[in-house]
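Since the structure comes first, as structure tokens, the remarks are kept for the end.
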Amino acid sequence: MNTNAVVVLDGTVRAREPEHTHQLLVPLLGRYGITRVARLTGLDCLNLPVATAIRPAARTLAASQGKGATDLLAWLSAVMEAIELWHVEQPQTVVLHASAADARPPYPLTALPLRVHHEALNHLPIDWVAGQTVADAEPALLPADLLRRNADPLRPHVLRATSTGLAAGNTWAEAALHGMYEVVERDALHADDQEGGRRRVRVDPDTVTDPYCRSLLERLLRARAAVEVYTVANAYQLPVCCAFVWSEEYPRWFGGAGCHADPHIALSRAITEAAQSRLTSIAGTRCDLPSTPDPAFALNRPRPQAPIGARPWGTATAGFDRTPQHIGLDAQAHTLAARIEQVTGYPPIAVTLSDPAEPVTVLQIVCPGARSRTRRSLAR
């Protein structure tokens, strides 16, 4: 296939038409342990497409959610997430067992998500897997514990495994872009969280004119839902958005976030992720949902007041840099990798988890120096 192809869809950019990806994946669902893909959209009043892919024998999450502009795109999103998790559950090939001092990766161990911080960690022997830098494909090692989801309980666990940067795509570049955008999004939200939300700029939803984003907001209005939209200032100067949705049908705020070089795609991802979060809670199939009452899941019954002091969408997004969307995905991935390295000081690294014969590519993207929140819910 043409690795430089760019298929621009509502809310996303792909290297392959969705119908083609669907045709390739349907016969392979059993390989990844997927026994059912269900449409969840009708369980909520918002009417935004959401699907779930079920893997009963999963070693991590048995239910993976997905969203999109259409039922097909939501189906693909859910299946891709399930495929990502299946790959990361498989044993990783260890290429070296050594301390960071001896392995000499192109970053300090302190630039990774550590559970504990101590200078002696640099001399602790650990397992390493082979990766490569995104921009120039130079070999680079990563600690295996960043990828492991079923670690040996008898070994010390000093690194925090996270799904941040775990991504699937029709091509290597598409997967790398998804993973890096997620890293930027979560790093931006971590910095905002550290500053008590002061990096956010409230946006007036009525000033959003992009046709697809407008259609999402109109659906929420027809469902009599309240919606809050924000942009998030960040060191990468890339569009990062978050959105919160509330409805009398389920009177609790649900949040979502998104990042993309196109601010409208970032916004649409934030809105649809908020809707997906609602349906995840409504469906109740996620095995990591809390089974006891939690303040973060409390119902907010009074209808919220209309936002004040909101800025026009054009003003709120004027300061972001934007990568042209007509250039190939390979070039977009190189541009984004260079931007991340400029901010963090270290090149993004990719570990390929999938086999070349598979119709999709699954990567774990790790960006040393980038941070992410440890709590699950997005604070409003």
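The values are calculated or read from the model by the stated rules, or taken from the named source; none is laboratory data. Model, not experiment: these values are computed from the prediction. Cβ coordinates were reconstructed from backbone atoms using ideal geometry, including for glycine residues, and neighbour counts include every protein chain displayed. Each accessible area value is taken on the protein alone, full model and side chains, heavy atoms only, with ligands, DNA and RNA left out. Shrake-Rupley method; radii C 1.70, N 1.55, O 1.52, S 1.80 Å.
Regarding ALA69, is this residue in contact with an Asp or Glu (Cβ under 7 Å, 6 or more places away or on another chain) and free of Cβ contacts under 8 Å to residues at least 24 places away in the same chain?
No, not satisfied.
In the stretch 144-199, what residues are free of Cβ contacts under 8 Å to residues at least 60 places away in the same chain, open to solvent by 50 Å² or more (accessible area, probe 1.4 Å) and outside any loop (DSSP other than H, G, I, E, B)?
GLN194
Please pick out the residue among ARG14, ARG36 that is open to solvent by 60 Å² or more (accessible area, probe 1.4 Å) and free of Cβ contacts under 8 Å to residues at least 24 places away in the same chain.
Criteria check complete, one pass: ARG36.
State all residues of the stretch 51-84 that are among the charged types (D, E, K, R), within 14 Å of the chain's Cα centre (by Cα) and either over 14 Å from LEU166 (Cβ atoms) or assigned to a loop (DSSP other than H, G, I, E, B) (or both); if no residue qualifies, say none.
Within the stretch 51-84, just LYS67 meets the criteria.
Only one of these conditions is not met by PRO211: (1) open to solvent by 10 Å² or more (accessible area, probe 1.4 Å); (2) in contact with a strand residue (DSSP E or B) (Cβ under 9 Å, 6 or more places away or on another chain); (3) on the phi < 0 side of the Ramachandran plot. Which number is it?
Only one criterion in (1) open to solvent by 10 Å² or more (accessible area, probe 1.4 Å); (2) in contact with a strand residue (DSSP E or B) (Cβ under 9 Å, 6 or more places away or on another chain); (3) on the phi < 0 side of the Ramachandran plot is unmet by PRO211, namely (2).
Could you list, ordered by first residue, the pairs with Cβ atoms under 6 Å in which the first is in the stretch 335-349 and in contact (Cβ under 8 Å) with a residue 12 or more places away in the chain and the second is of a type in the set (Asp, Glu) and surrounded by fewer than 21 Cβ atoms within 10 Å (Cβ to Cβ), at least 6 apart or interchain?
Short answer, once both residue conditions are applied: PRO347/GLU341.
Every residue, every condition in (1) of a type in the set (Lys, Arg); (2) farther than 26 Å from ALA337 by Cα; (3) at pLDDT 95 or above, yes or no:
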residue: PRO56; (1), (2), (3): no, yes, yes
residue: GLY68; (1), (2), (3): no, no, yes
residue: ASP102; (1), (2), (3): no, yes, yes
residue: ALA120; (1), (2), (3): no, yes, no
residue: ILE126; (1), (2), (3): no, yes, no
residue: GLY131; (1), (2), (3): no, no, yes
residue: ALA137; (1), (2), (3): no, no, yes
residue: ASP145; (1), (2), (3): no, no, no
